[in-house]
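Step one of this worksheet: look at the structure below.
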Amino acid sequence: NTGTGVLPATNRAGRAWAAGGRFQQGPIDVHAVYHSFNADFIGTPAGVDRNASNRAYGIGGSFDFGVARAFAGYFIVDPTANFAFNRQTSYWIGAQARLGTGTLHAIYGRATIDALNNAADPKSTTIGLAYQYPLSRRTNLYASFGTVRNNNFAAFGLGTSQSTAAVAANAAGSDPRGIAVGVRHQF
């Protein structure tokens, strides 16, 4: 199923493939991924190559210093068959360190979309802080704060570990924020 009112132009419609790799040795842990998705739909707007595919690729990793772990990543979505934007680029840096008996996490990230037709590029900056306090091996308390600063053309939401935004932007230029506290128990 390719969506309401959209039929595949060939049997290649919707085909996807991905490849990834990991290198881990001592304190170094590096991951890389490449993903390709063939659009090829009937009704493709004029000027868009129906045989082109969307691509996404990135690299990320961490280094464990013993007292703290630093991590960074870089990810590109290059939608050669997409109609909404040219390219989205994201990067992030962060760290986690022991603080008392718990763990402090911090992250800084930037995202930019290359808009179509020389329009202004949406850009955002994300900052997040979290603290986890262990009650036992399987249960911990946590508190976190995150904010996204969007420019006047961006409407990025505040994300979670899943792909959906936990706090969506109300409109372009709005800056979503979120605070979470709770107890996590692993079964």
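The values are calculated or read from the model by the stated rules, or taken from the named source; none is laboratory data. Bear in mind the structure is a predicted one, so any value in this text is a computation, not a measurement. Ideal geometry is used to build each Cβ from the backbone, glycine not excepted, and the neighbour counts take in all protein chains shown. To get the accessible areas, we keep the full protein, side chains included, count just its heavy atoms, and leave off ligands, DNA and RNA. Shrake-Rupley method; radii C 1.70, N 1.55, O 1.52, S 1.80 Å.
If ligands, DNA and RNA are left out, what is the accessible area of Asp64 with a 1.4 Å probe, given in Å² to the nearest 10?
So the heavy atoms of Asp64 present about 60 Å² to solvent.
To the nearest 10 square angstrom, how much accessible area does Tyr133 have with a 1.4 angstrom probe?
The accessible area of Tyr133 comes to roughly 90 Å².
Amide H to amide H, which residues 5 or more places from Ala154 or on other chains are under 5 Å from it, using H placed in the peptide plane?
So Ala154 has HN proximity to Lys123, Gly173.
Each label point is 7 Å from the Cα along the Cα-to-Cβ direction; what then is the distance between the points at Arg55 and Ile107, in nm?
With each label point 7 Å from Cα toward Cβ, the separation is 2.6 nm.
How would you order 114-125, 146-157 from highest to lowest mean count of nearby Cβ atoms within 10 Å?
146-157, 114-125
At Asn151 and Asn170, where each label point lies 7 Å from the Cα along Cα→Cβ, what is the point-to-point distance in nanometres?
Inter-label distance under the simple model: 2.3 nm.
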